[in-house]
Structures are given as structure tokens and as C-alpha cells.
1. Distance from the Cα centre of region 196-212 to that of region 35-97, in angstrom?
2. Hey, which of these cross-link pairs are over 28 Å Cα-Cα: 80/181; 212/250; 80/161; 110/250; 186/250; 161/212?
3. Could you check which residue among 208, 223, 262 shows the biggest mean-square fluctuation in a GNM of the chain with a 10 Å Cα cutoff?
4. If neighbour count is taken as other Cβ atoms inside 10 Å, put 46, 214 in order from fewest to most.
5. Using only alpha-carbon positions, what ratio does the radius of gyration of region 103-218 give when scaled by 2.2 N^0.38 Å?
6. Please list, ordered by chain and number, the residues whose modelled amide H lies under 5 Å from the amide H of residue 156; skip anything fewer than 5 residues away on the same chain.
7. Given a Förster distance of 35 Å, report the FRET efficiency between residue 26 and residue 85 from their Cβ-Cβ distance, rounded to the nearest 0.05.
8. Pick from 243, 174, 204 the residue whose mean-square fluctuation is largest in a GNM of the chain, springs joining Cα atoms under 10 Å.
Amino acid sequence: METNSLALLKKPTILIPLLALFVLPWTSTNIHFHHVLIMFMLFATLSQAWNFIGGFAGQVSFGHATFFGIGAYASLVLLKRYDLSPWVGMLIGGGVSVVVAVIIGYPVFKLKGHYFAISTFAVAEIFERLFNNWDYVEGAIGLPAPVLPEGLINFMWYKTKMPYFYIAFVLFVLVLLLACKIDRSKMGFYFRAIKQSHEAAEGLGIDTTQYKMLAMGVSAFFTAICGAFYAQYILYIDPPSVLSLDISIKIVLIAVLGGAGTIIGPILGAAILIPLSEYSRIFLGGTGKGLDLIVFGALILIISVFQPQGMAGFFKKTGK
């Protein structure tokens, strides 16, 4: 079996869609179209990162907004208070998220099933309340990014979204390749063994706590990287925008809709939800009343009943 994940890029089924996505923003000058593409790649990457712990290892976490928010705040706080490059802040945010993931993971991984999921809900709520009342990060007021010259060093552009698109594209491909690598590795088999039966995995000699911690750490790191990207893209953050439970749920539902535990699942889920969410907001304005989420909920129900493996299940049935 091919172990070099870069070789996957040579496969037409992967190479052609990636090349098409790479040139897609050049087919239109519409700024909002570029925004939708960026958000699609961002949430596909977020759901792929969640997939490491929730899809592969079967530990359903609803607290990933915590890591997303840590990455976002690390990037902007370090830039605004210490004039530290957003790229450095991005890596620091990722590192801090890994530490937090380990600290959180040690007690919550003693819980199983729905108890574990509920505990991650609680963790997310605690962190949102903490940041809401933390004066150092401006609390509920929010944190605007300082106005700096455009360019790659400052990770800021005001007149075009193209640089953001290609940074998001690189991040998207990087996490995709890592997912492919893990999927074909011993680590991936250990994750699946834990997902199938925690007790059986331990009986086979797998250190389940170590591998769950590893899955959570990798997932947290890339979720924080996405949070830092989002902060630099939006240029203003507050607790509801980067730490809310809605973000965690959206990440999970995208993976579930597309097919949790599969490589293509988060991509398919994001390809459905993100355009639906963004364009319904435009066409319906303030009268939509969350219509995109209603439609998305209906899709989840239909998929759960007729295709529990998600959209990726249709590809398996057709032999793709």
C-alpha cells in the first residue's frame, strides 16, 4: 500500500478537483463568491480536523469552538499587544490549544459515549464565559485587529480576497493530505479499533488513552490554526463569533452530513452547508430566520434515516 500521502495528488480523482478549485476564483470577479469559496475551505478543514477525533477515533466532541477561539484570540492578542507576527501567533495558538486539549482530555476521556459529548459541551460553555469576562482580551466588547500595511507578513489584505483564498487552499490541502496519511497508517487502524470497541482495543494492547490524546491534540492544533486564519480574515473577533456552541455544532454536523470517519465526508458536507448558509443569507436577508439551518437539519434527518454513513456512503455504494 502506498504510504506517501503526496502520491495521492497524482490520482485524477483527487488532482482534478483540486486543480479545479485552485483556478475557480479566477472564473468570477464577484467578491462574495470568493468569500463563499474561502468559507467552504475553512469549514471543510475544520471538519476534517474534527474528523481525527470524532470520525476516526469515534470520540464525538462538541467543544471544538474552544480551540477555534484560542487560535483566533492568540493571533490577534499577540499582534495587538506585543506586535507579534500573526504567523507566529497562529503557531502559538496551535500550541496552546494542544496543551489545553491534553489538560481537558485527561479527565473527559474517562467518560464514554454521550457522557463524553456532554462534558465537551460544558467545556465549550466555560471557555466562552471565561473570555466574555476577561478584560485582558477585551471581554464581551470584542477585539479589532490593528490597521497595518497590506501584505503576507502582516497577513492582511483589504482590496482583494485572493491571498486569503490561496492561504486557505494550502491549509485545506495540508490537512487533507494528513488525513489521508493517518487513514492509511497504523495510527489510523488504532483509532478505528478504539472507535469500534474501547475494551477490545485495550485487549489488543492499544494504549487507548494515549491514542485518544494524540487524536485530540492533532485535531485541536489544526482547529486553532483555522481560528487564527479566521481572525485575520474577519479582522474583528468577540466570544460569540469564535467561541460559541454554534461553531462546534456546525463543525460536527458538516462531518456527519458528509460522512464522519471518511476523507471525503467533511468536504462533501461543507460543499452543501456553506453555500446554502451564505446564499440563503443574501437572498432572504433578515427574513430567513435560520432557513439554512432548517434545511440543513432536514438533510441530516434524511441522511440519518436513508444513508447513516453520510453522503460518502453513496460513493461507496457506487464503487467510487
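Derivation of every value follows stated rules applied to the coordinates shown; laboratory data play no part. Model, not experiment: these values are computed from the prediction. Using ideal geometry, Cβ is built from the backbone for each residue, glycine included, and neighbour counts are taken over all protein chains shown.
1. Their Cα centres are 28 Å away from one another.
2. Where the Cα-Cα span goes over 28 Å, the pairs concerned are 80/181; 186/250; 161/212.
3. Among 208, 223, 262, the largest mean-square fluctuation in the Gaussian network model of the chain belongs to 208.
4. 214, 46
5. 1.50
6. 151
7. The pair residue 26/residue 85 has a calculated efficiency of 0.75.
8. Of the options given, 204 has the highest mean-square fluctuation.
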